[in-house]
Amino acid sequence: MGKSLTRKIIESHYVKGSMVPGEEVFIKVDQTLTHDINAVMTYLAFEAIGLDRIRTECSVSYLDHNLLYVNNMTPDDHIYLQSAAEKFGVHVSRPGNGICHTVHVSRFGAPGKISMGGDSHTPHGGSIGMLCIGVGGMDVATAMTGVPMRLKMPRVVKVNLTGELKPGCNTKEIILEMLRRVTIKGGLGNVYEYVGPGVAKLEVPARATISNMGAELGATTSIFPADEQVHKFLKAQGREEAYVELLPDEDAEYDDCIEINLSELEPMISCPHQPDNVMPLKDVEKRKVQQVFIGSCTNASYADIAKAATVFKGHHVNENVSCTCAVASKQTYRELMRDGYVDILLQAGVRMLEIACGPCCAIGQTPATNGVAVRTSNRNFKGRAGNPTADIYLVSPESAAATAIMGTFASAEDVMGEDVKELAKITEPEEYLIDDSMIIKPLPIEEAKKVEIVKGPNIKFLPIPEAPQQHLCVPVSLKTLDNVSTDDITPASAEFSSMRSNIPLMSQYCYHRYAPDFAARAKEMGRSIIVGGENYGQGSSREHAAINPMYLGVKAVIAKSIARIHKGNLVNHGIIPMLFADPSDYDKIDQEDELEFNNLLDQIPTRKVIVTDKTKGFDFEVNLDLSDNEVEVVLSGGQLAYLKKQLAEQEKQEA
Ligand code: F3S
């Protein structure tokens, strides 16, 4: 049997381990990316590791998320990140250049490479046949040292696309259909490999909408073949030399297969409060919409915005709607200006925002109390837009524009009628406007050594966890429901994002919206445990959702299931992720129960731990779904301690 594209790329980067799905494999990582609201901890960790230069082919630090300088904290972070990048040989993409994933695939990505990014939407780069995996910031720091990275060998699922999208339908409908079928946790441990005749016509930025939002499936990543569309894209980016054809074998073996006929898709909508709550847009109950946001790394490419503008042509934003648009990159913005689309948007009353993630992560444009917001971004968790009373719906840019005009959920066809066919004529530019003036290249090593890293007063320290002990007897500081997201644990927004360099301050807001008394209670308890439901820690890769609880003394999370990236972050930051062997035990435990672990250090390597609920007087078993390497990291007290040991041993051997 032949090989999938995923298998070929992993094989070409294989260092050691097993390539059996579910087992641990170690791979060489070519590229990394970070962004400003997660990266300070990454570079503090890299500083603590003690290397003077990154050991990847290329690492990029993007300043793209929090560009609202509401106080000194974010500009201080940006100055720190720029100086750390200069010191360590990292590229910097300056504020205003564009959203990390969009810029990375355009200016740095290449088929067949492996990239790890400190952001859950890193799989965006799968659109050019690159294996791109979202991880926590500590993992990025580790990857930058050049040590092989651990990966749970994924199952590879073929997604066979046939047919052709109808005019007015966007690739957003494909990923929403995937979410409807697979759900937000159905993709755990999988790579989705998109193949079939329907793929050939999808341009790279349209593919990126799918690979980007594949993160919402809980998947390891998603990938497309590096075919003629990728060739065309890289050529248009002036980087034809980066192209290599990379396809799965015709008789490639897959672990599963999903069939989607694109011709049968219609405009879809994801309803509050989970991305998989998807239905056909025509079936959703009509509501008065107050806010529309067109943008984000998921859906703000040239063709996306040009199509939205075409829907607006001759119309105006409804008087009860505030409609904003944030284009994904400076390159795209200039092309849209050149081709007259920005003018159409302005004439229609659309408010053009800065080139940044912005509203996607609640940095501006918070919806009104009990507001109804329609967005082209990728997440609609309660509070994701900055206001937990608001309802967020996710749609394509074409449907978002129609909704802004009508003041209620609508599709492009509802506004354009037969003319909707015009949308099918809009494609990506033949040649992009290349301008890398906002990218700072790494300094030569001797010059880099002289760079002073600049730390403003808000940049505190990287908290170091303590290693686990043989006996632990601690109360439950919080019991959560299912699907707690990292936004619930560590809120987004301009205000909170700027605190991410200051853990003592930010930890006070841990679970701020979900359980406002948690931080004070955990602090008072000293050491404690969190009990969670299904899919604990879904959503954003933000490692602060592990660092803050760790700083507040949380020693373990016992849940029914834990999302992939969050589990990695817990391991890295010294919180032991545990799973109920019998999920019904979850119902028996209450907040503030006292849980006891005996012989913990002996039990961890067996992956089975007996816990006693001393308050209720019963024992229950938890499983540790950890690889050998993760067990070592847990016993070391986190990734930093483990990595330092590894590097010291490596140096000894080299000496
Ligand atoms: Fe993209 Fe939104 Fe994150 S724009 S990079 S998903 S904050």
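The values are calculated or read from the model by the stated rules, or taken from the named source; none is laboratory data. The model shown is predicted, which means the values in this text are computed figures rather than measured ones. Cβ sites come from the backbone with ideal geometry, for glycine too, and all protein chains shown count toward neighbours. Surface areas here come from the heavy atoms of the whole protein model, side chains and all, with no ligands, DNA or RNA. Shrake-Rupley method; radii C 1.70, N 1.55, O 1.52, S 1.80 Å.
What fraction of the DSSP beta bridges in region 472-646 is antiparallel, stated in percent and rounded to the nearest 5?
50 percent
So what are region 472-646's ellipsoid semi-axes, whole angstrom, largest first, if each one is the square root of 5 times an eigenvalue of the alpha-carbon gyration tensor?
Three semi-axes, in Å: 23, 19, 14.
Quickly work out the Thr369-to-Lys614 label distance, labels modelled 7 Å from Cα along the C-beta direction, and quote it in nm with one decimal.
Spacing of the two 7 Å Cα→Cβ label points: 4.5 nm.
Among 510-516, 393-399, 35-41, 18-24, what's the highest-first ranking by average C-beta atoms within 10 angstrom per residue?
393-399, 35-41, 510-516, 18-24
How far is the Cα center of region 537-570 from the Cα center of region 142-194, in Å?
Spelled out, the Cα-based centre of one part sits 23 Å from the other.
Hey, for a label at Met352 modelled as a point 7 Å past Cα toward Cβ, could you say which residues of region 307-322 have their backbone N under 11 Å away?
Taking a point 7 Å out along Cα→Cβ of Met352, no residue of region 307-322 has its backbone N under 11 Å.
Test of understanding: what is the full-extension gain from Ser584 to Arg53, defined as 0.36 nm times their sequence separation minus their Cα-Cα distance?
Stretched out fully, the Ser584 to Arg53 stretch lengthens by 186.2 nm.
Kindly express, to the nearest 10 degrees and within the range 0 to 90, the angle between helix 302-312's C-alpha long axis and the longest C-alpha principal axis of the chain.
50 degrees
Check which residues have an amide H placed less than 5 Å from Gly196's amide H, if you skip close sequence neighbours.
The list, which skips near neighbours in sequence, is Leu161.
In degrees, nearest 10, range 0 to 90: what is the angle between the Cα axis of helix 639-654 and the longest Cα principal axis of the chain?
Approximately 80 degrees, to the nearest ten.
Which residue, Val199, Pro516, Val476, has the largest displacement toward the positive end of the dipole of the chain when charges sit on each Cβ (Lys, Arg +1; Asp, Glu -1)?
The Cα lying farthest towards the positive end belongs to Pro516.
Nearest 20 debye, what's the magnitude of the dipole of region 152-260 about its Cα centre given +1 on Lys and Arg Cβ and -1 on Asp and Glu Cβ?
I would put it at about 580 debye.
Towards the positive end of the charge dipole of the chain, with charges on Cβ (+1 Lys, Arg; -1 Asp, Glu), say which of Leu601, Tyr536, Pro463 has the farthest Cα.
Of Leu601, Tyr536, Pro463, it is Pro463.
To the nearest 20 debye, what is the magnitude of the charge dipole of the chain about its Cα centre, counting +1 on the Cβ of each Lys and Arg and -1 on the Cβ of each Asp and Glu?
Its charge dipole is roughly 1020 debye.
Sort 595-602, 355-362 by the packing proxy (mean of other Cβ within 10 Å over each peptide's residues), most packed first.
Top to bottom by mean Cβ count within 10 Å: 355-362, 595-602.
Treat each spin label as a single point 7 Å out from the Cα along the C-beta direction, and report the Ser12 to Glu228 distance in nm.
2.1 nm
Just the number please: accessible area per residue for the chain, 1.4 Å probe, all protein chains included, in Å².
Per-residue value: 35 Å².
In degrees between 0 and 90, to the nearest 10, how far off the longest principal axis of the chain does helix 204-213 point, with axes built from Cα atoms?
Result, in degrees: 40.
Which Rg and Dmax, in Å, describe the Cα atoms of region 5-264?
In Å, with Rg to one decimal and Dmax whole: 18.1, 57.
At a Förster radius of 22 Å, what calculated FRET efficiency corresponds to the Cβ-Cβ distance of Glu632 and Val20, to the nearest 0.05?
0.65
Of the heavy-atom accessible surface of the chain (probe 1.4 angstrom), what whole percent is carbon and sulfur?
Values: 11210 of 22780 Å².
Ligands and nucleic acids excluded, carbon and sulfur give 49 percent.
Relative contact order (percent) for region 472-646, with alpha-carbon contacts under 8 angstrom and 6 or more residues of separation?
22 percent
Net charge near Pro21: determine it from the other residues with C-beta under 13 Å of the C-beta of Pro21, scoring Lys and Arg +1 and Asp and Glu -1.
After counting each charged neighbour, the total is -2.
Grab the beta carbon distance between Lys425 and Lys286, set R0 = 30 Å, and tell me the FRET efficiency rounded to 0.05. Can you show the working numbers first?
Numbers: r = 30 Å, r/R0 = 1.00.
That pair, Lys425 with Lys286, gives E of 0.50.
Starting from the Cα of Asp436, step 7 Å along the direction of its Cβ; do the same at Lys523; then give the gap between the two resulting points in nm.
Those two pseudo-labels are separated by 4.7 nm.
Please pull out the direction-averaged projected area of region 317-461, using the convex hull of its alpha-carbon atoms, in nm² to one decimal place.
13.1 nm²
Rounded to the nearest 0.05, what FRET efficiency do Val454 and Lys644 give with R0 = 22 Å and r taken as the Cβ-Cβ distance? Could you check?
0.35
Taking θ as phi - 60°, what are the ³J(HN,Hα) couplings along region 318-331 by the Karplus curve (6.51, -1.76, 1.60), each to the nearest whole Hz, with x for Gly and Pro?
With coefficients 6.51, -1.76 and 1.60, one gets 3, 5, 9, 10, 9, 10, 10, 9, 10, 6, 6, 8, 4, 4 Hz.
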